[in-house]
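To start, the structure itself, in structure tokens.
The values are calculated or read from the model by the stated rules, or taken from the named source; none is laboratory data. In this text, all values refer to a predicted model and were calculated from it rather than measured experimentally. Here the Cβ positions follow ideal geometry from the backbone for every residue, glycine too, while neighbour counts run over all protein chains shown.
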Amino acid sequence: MILPKLLQNVIFSPDYIPSRFSLIFAFIGIGGVLLLDRIVDLNIVKIGPLEIGILYTLFMSVILCFLLRYMLSLIKETEASYLAVEKREKESLRLFNFALDNSADATYWFTFDGKFYYVNDAASRMLGYSKEELLDMYLWEMDHNFTSAQAQEFLQEIKDVKHTTFETIQTRKDSKTLPIEVSANYFTHEGKEFICAFGRDISERRVYQNAIEEANIELIKSNSEKETLLKEVHHRVKNNLEIISSLLSMQYRRIDDTYMRTILQQSRSRIHTMSLVHEFLYKSDKLDEIDLNGYVKQLVSDIILLHSEEKSAVELNIDIPVIRFSTDASIRLGMVLHELCVNSIKYAFKNRDNNILNITLKLENEIIHVCVEDNGEGVEDVTKILQGNSLGLQLIQTIIEEELDGEVTFNSNNGLICDIYFPSKAVQ
């Protein structure tokens, strides 16, 4: 087995078979002549020249037969291998052509002069031409976005970048136009350069896109109308609350009873607390949240103006980060701050100078901490505050403990300090 393989790979290499066969045959022939001559000289066999010629011819015929039979077996083996390779290539080509022809995307090859070189069935169906008609056409005949020069220049650009994807408009045989998404690639085949393009009709996609765009426009329009309506609602609620406040103000000026005047004034202030939220929402770009810092500053400033007519000025310090509060949570927090600030103005600051009111809000570990602190006289026993039955205290406890699921504590240290804690999820 080793010797035949050696003969096949070395002696009978396809590139050198003719020359090596001739040399081997010549060596064997010369060797045979020398051998016969030696036999004659030694008188080993008594034969004449005729017999020698016949023996030599027979010997060379056997050698030649052996060589020719071996060469024939190699030729048959090579032919069988070639046929097997050819069969596999034909099968692969058949599958390749089947895949191309049955592809949903149009496939076409262009030479660099813009002429169609190959098209599949999908391209023929999409453009309405037969394959033969397309193979006689040029790129610019079905894509009017290109002239002859522009098409050739564009094909050269594809060669430079190797691959590109773009959208274009192609014209069918019946003059109808189609929006096409094209993916183009540069390649070489048998030493020739081509551009292979895959085209996909995106007419349905355009219809869907247009429908989506129209739906988005309608949605934006609808949202705009809703925002306008909500702004109008907030504006009207604010106006209605201000009307109620004005009625209470008219009643306030008509009565002389001090206790009733106090109640009316507190009611006006509480109504203003709710009205101010709607005013901020009406002016805000976002209808589901307000500028809490601005709201609290405006609220406390208005409270000071309303309740400190005969008292000294109050220095107001507010530290509130940017945090999202819903409308309801803003009103609740506003009501709590209203009661605490009114309490400080009415009872802590008694015609003193250097009156300070601090309001801070912090978010730590999803817990909101609100602290209202004044530098007033404070109280001797803070437990009496929580044991009181005033409306303001009841509002604070109801809102913090029941509505915001939090807790409130009071401390007295060079003034009154109120600490409020509640989960951040309660204000979303």
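Numerical summary
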item	result
Residue, nearest to Thr177 (Cα to Cα), within region 145-163, restricted to residues that are not β-branched (Val, Ile, Thr) and not in a helix (DSSP H, G or I)	Asn145
Residues that are at pLDDT 80 or above, over 18 Å from Val370 (Cα atoms) and either surrounded by 17 or more Cβ atoms within 10 Å (Cβ to Cβ) or basic (Lys, Arg) (or both), drawn from region 304-324	Ile304, Val314
Within region 103-140, considering residues that are among the hydrophobic types (A, V, I, L, M, F, W, C) and in contact (Cβ under 8 Å) with a residue 60 or more places away in the chain, the one farthest from Tyr186 (Cα to Cα)	Met126
Filter pass, Leu248 being modelled with pLDDT under 80, in a helix (DSSP H, G or I), surrounded by 11 or more Cβ atoms within 10 Å (Cβ to Cβ) and not assigned by TED's automatic domain parsing to the domain that holds Leu333	no
Residue list for region 121-158, restricted to those being surrounded by fewer than 17 Cβ atoms within 10 Å (Cβ to Cβ), in contact with an Asp or Glu (Cβ under 9 Å, 6 or more places away or on another chain) and not acidic (Asp, Glu)	Gly128, Lys131, Ser148
Elements of type strands (runs of 3 or more DSSP E) contained in region 352-428, each with 2 or more residues being in contact (Cβ under 8 Å) with a residue 24 or more places away in the chain and within 22 Å of Pro321 (Cα to Cα)	355-364, 367-374, 416-423
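Let's see how each residue does on (1) more than 23 Å from Asp105 (Cα to Cα); (2) touching a helix residue (DSSP H, G or I) at 6+ places or on another chain (Cβ under 6 Å):
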residue: Tyr186; (1), (2): no, yes
residue: Phe198; (1), (2): no, no
residue: Arg206; (1), (2): no, no
residue: Val233; (1), (2): yes, no
